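Chemist: Take this structure, written in structure tokens, and hold onto it; I'll ask about it next.
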Amino acid sequence: PALFRRGRYDHLDLPLPASLLPPGSEARAAGGLWRVLAKGEADSAADPGYPLEPEEVLPLYRRQRGLRAPLPGGTALQEAYERRLFIFLLRARLHRAASLMQAGDLKGSLALYESIAAVEPETRGQPEVTYPLATLLLTQGQPDRAEGWFRLTLQAGPEPQIAALSWFYLGEIRRGRRDEAGTRDCFGRALSIPGVPPAVRDQIRRRIENP
């Protein structure tokens with residue numbers, strides 16, 4: 001925190017918890033990074049744009065000379081250095097998709113999330129991609145496609161709130177098909193997941209009882 005206060009750092013590779021940031025500040029997505037700003041401060045560089053798209057980097061891959069940091073207990077994986085640029089640009093696109101979704105541009109956001117899943121198969125096991133993609137498909141009247149993405153979200157072992165909401169939306173899809181048994185099963189799973197914030201659980205219960 002002292003380094004932030006002295007202005008030494010203002011961009012991060014990963015978002016830090018609030019406890020590690022200076023008082024009154026927050027980390028906000030800025031392209032492929034996160035930027036430390038005062039809460040409520042306008043950010044003119046939230047989406048700086050880059051001269052390359054992730055798809056343009058893939059043909060530039062050379063031999064695997066770098067190592068990808070492993071998870072605890074795992075083995076480091078070799079990777080091309082160009083992949084690091086690819087991941088950086090893909091993260092920027094993910095941030096842009098989330099920003100469009102928050103701003104209400106659902107079609108634009110959906111197009112970006114779909115392009116992320118198409119260009120990097122590993123993202124199909126990441127709830128930060130699969131869950132918003134599923135909800136966007138559902139809002140755009142594509143429940144059959146949404147169902148598959150909700151199930152991928154659940155297979156990835158998401159946090160309790162996302163898991164409960166995924167089961168709830170699967171129940172909504174089943175209810176739309178007049179599948180009473182499937183609807184009851186999905187709704188029951190949504191309400192039985194431990195660790196869901198009480199406000200979220202109450203919201204799910206109200207929406208189940210008052211479709």
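Chemist: Return the pair list, or none, for Cβ contacts closer than 9 Å from residues in the range 167-184 that are outside any helix (DSSP H, G or I) to residues that are surrounded by 15 or more Cβ atoms within 10 Å (Cβ to Cβ) and at pLDDT 95 or above, at least 6 apart or on different chains.
Modeler: ARG177/PRO143; ARG177/THR183; ASP179/ILE173
Chemist: Does GLY195 qualify as being without any contact (Cβ under 8 Å) to a residue 40 or more places away in the chain, out of contact with any Lys or Arg (no Cβ under 9 Å at 6 or more places or on another chain) and surrounded by fewer than 16 Cβ atoms within 10 Å (Cβ to Cβ)? Give the steps one after another, and end with the answer.
Modeler: Numbers: without any contact (Cβ under 8 Å) to a residue 40 or more places away in the chain: yes; out of contact with any Lys or Arg (no Cβ under 9 Å at 6 or more places or on another chain): yes; surrounded by fewer than 16 Cβ atoms within 10 Å (Cβ to Cβ): yes.
So GLY195 passes the test.
Chemist: Report whether or not GLY157 is outside any helix (DSSP H, G or I) and within 20 Å of PHE187 (Cα to Cα).
Modeler: yes
Chemist: Collect the residues in the range 116-145 that are open to solvent by 30 Å² or more (accessible area, probe 1.4 Å) and closer than 19 Å to ILE87 by Cα, keeping them in residue-number order. Give the derivation first.
Modeler: From the range 116-145, those open to solvent by 30 Å² or more (accessible area, probe 1.4 Å) are 118, 121-122, 124-128, 131, 138-145; that's our starting set.
ALA118, PRO121, GLU122, ARG124, GLY125, GLN126, PRO127, GLU128 - these are the residues of the range 116-145 that are open to solvent by 30 Å² or more (accessible area, probe 1.4 Å) and closer than 19 Å to ILE87 by Cα.
Chemist: Is it the case that some residue within the range 65-79 is of a type in the set (Lys, Arg), part of a helix (DSSP H, G or I) and surrounded by fewer than 18 Cβ atoms within 10 Å (Cβ to Cβ)?
Modeler: As a first pass, look at the range 65-79 and keep what is of a type in the set (Lys, Arg): 65, 68.
Next, only the ones that are part of a helix (DSSP H, G or I) stay: none.
Among the residues of the range 65-79, not one is of a type in the set (Lys, Arg), part of a helix (DSSP H, G or I) and surrounded by fewer than 18 Cβ atoms within 10 Å (Cβ to Cβ), which makes the answer no.
Chemist: From the list ALA117, ALA46, ALA42, which residue is touching a Ser or Thr at 6+ places or on another chain (Cβ under 8 Å), small (Gly, Ala, Ser) and modelled with pLDDT under 85? Reasoning before the result, please.
Modeler: Numbers: ALA117 fails: modelled with pLDDT under 85; ALA42 fails: touching a Ser or Thr at 6+ places or on another chain (Cβ under 8 Å).
From the options ALA117, ALA46, ALA42, the qualifying one is ALA46.
Chemist: Could you list all residues from the range 164-192 that are open to solvent by less than 30 Å² (accessible area, probe 1.4 Å) and in contact with a helix residue (DSSP H, G or I) (Cβ under 6 Å, 6 or more places away or on another chain)?
Modeler: ALA164, SER166, PHE168, LEU170, GLY171, ILE173, GLY182, THR183, CYS186, PHE187, ALA190
Chemist: Search the range 96-120 for residues that are farther than 17 Å from ALA134 by Cβ and in a helix (DSSP H, G or I) and pair each with any residue that is among the acidic types (Asp, Glu) and open to solvent by 60 Å² or more (accessible area, probe 1.4 Å) when their beta-carbon atoms are under 8 Å apart and the residues are at least 6 apart or on different chains.
Modeler: The qualifying pairs are ARG96/ASP47; SER99/ASP47; VAL119/GLU55.
Chemist: Related question: Quick check on the range 155-190: of everything there that is aliphatic (A, V, I, L, M) and within 15 Å of the chain's Cα centre (by Cα), which residue is modelled with the lowest pLDDT?
Modeler: Filtering first and then ranking leaves ALA156.
Chemist: Under 6 Å between Cβ atoms, at least 6 apart or on separate chains: pull out the pairs that start in the range 46-72 with a residue that is closer than 19 Å to SER115 by Cβ and among the aliphatic types (A, V, I, L, M) and end on any residue that is surrounded by 13 or more Cβ atoms within 10 Å (Cβ to Cβ) and modelled with pLDDT of 75 or more.
Modeler: Listed pairs, sorted by first residue: VAL57/GLU82; VAL57/LEU85; VAL57/PHE86; LEU60/GLU82.
Chemist: Follow-up. Going by the conditions given, is GLN140 over 11 Å from the mean Cα position of the chain (by Cα), at pLDDT 95 or above, among the polar types (S, T, N, Q) and over 17 Å from GLU55 (Cα atoms)?
Modeler: yes
The values are calculated or read from the model by the stated rules, or taken from the named source; none is laboratory data. Since the model is a prediction, treat every value here as computed from it, not as a measurement. Using ideal geometry, Cβ is built from the backbone for each residue, glycine included, and neighbour counts are taken over all protein chains shown. Quick note on the areas: whole protein, heavy atoms, side chains included, nothing else; ligands and nucleic acids left out. Shrake-Rupley method; radii C 1.70, N 1.55, O 1.52, S 1.80 Å.
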